[in-house]
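One structure below.
Please treat every number below as a calculation from the coordinates, not as lab data. Everything quoted here is computed from the prediction, not taken from an experiment. Cβ placement follows ideal geometry from the backbone for every residue including glycine, while neighbour counts extend to all protein chains displayed.
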Amino acid sequence: MQDQGEIRQVVENWALYRDAGDWERFATVWHPDGWMTATWFQGPAADFIAASKAGFEAGVKILHFLGGHTSDIAGSRAIAQTKMTIQQRGLLDGVLVDVTCTGRFYDFLERGDGGWTIVRRQPIYEKDRLDIVEPGAEVKLDPALLGKFPEGYRHLGYLQDRLGHAVMTGLPGLTGEAVELLYREGADWLRGSATAGIPLMAARSA
């Protein structure tokens, strides 16, 4: 129970420190070899921290809210799943919108001398929606661009694409091959695999 509580604290610290722009403490939740995947980013944790800081300072508005949590622990390794909501605000054709995406954070963790840290974070995107912030305003979405992205993060991908990000496709959703692969990688991690799975971009370039 102590390990489960500490893992939950790491997951909560991730959201609080990142959204508050507390970059020094945000770095403490990551393993030295930590790896992050998001719709708009994939790479080492250090690069993700730098990219998040740059976006924060440029006024990018992304917030994270956490819900139910569970973890499976095998010795010094763990897999944690946490219900989450990602909310991003931005302009589409001059109209202010909010996109809300719900899913799970799927985390590979390891316990070292300093406690538990995140080795790899892979969000699972389950569903999303777009809301117009300004009463009476209208936005016309491009069906071709909207259809480019999976159902789980269709509107989030659309907004981020229009804001200039290179948005990944093929990320895990509620069902499908990508999430089944992720579950297998998680099980292998608990059994002592050499790595925390193979991130998507690395798999595509192999």
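Computed quantities for the displayed model
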| quantity | calculated |
| --- | --- |
| Sequence ranges 140-147, 168-175, ranked by mean other-Cβ count within 10 angstrom, highest first | 168-175, 140-147 |
| Convex hull of Cα atoms in the range 1-87, direction-averaged projection (nm²) | 5.9 nm² |
| Value of [θ]222 nm, deg cm²/dmol, for the chain, DSSP H segments ≥ 4, -39500 (n - 2.57) each, nearest 500 | -10000 deg cm²/dmol |
| Cα gyration tensor shape of the range 45-131, rounded if a/c is under 1.5, else prolate or oblate by comparing a/b with b/c | oblate |
| Calculated from backbone phi, Karplus (6.51, -1.76, 1.60) coupling profile of the range 145-160 in Hz, x at Gly/Pro | 5, 4, x, 5, 9, x, 4, x, 9, 4, 6, 5, x, 4, 4, 5 |
| Whole-angstrom gap from the range 155-206 to the range 24-74, using each part's C-alpha centre | 15 Å |
| DSSP-defined beta bridges in the chain - what % are antiparallel, rounded to 5 | 95 percent |
| Whole-number percent relative contact order across the range 2-194, with pairs defined as alpha carbons under 8 Å at least 6 apart | 19 percent |
| For q = 0.09, 0.15, 0.18 Å⁻¹, Debye-computed log10 I/I(0) when each Cα of the chain counts as one equal scatterer | -0.34, -0.95, -1.34 |
| Listed residue (178, 199, 13) projecting farthest to the positive dipole end of the chain, Cβ model | 178 |
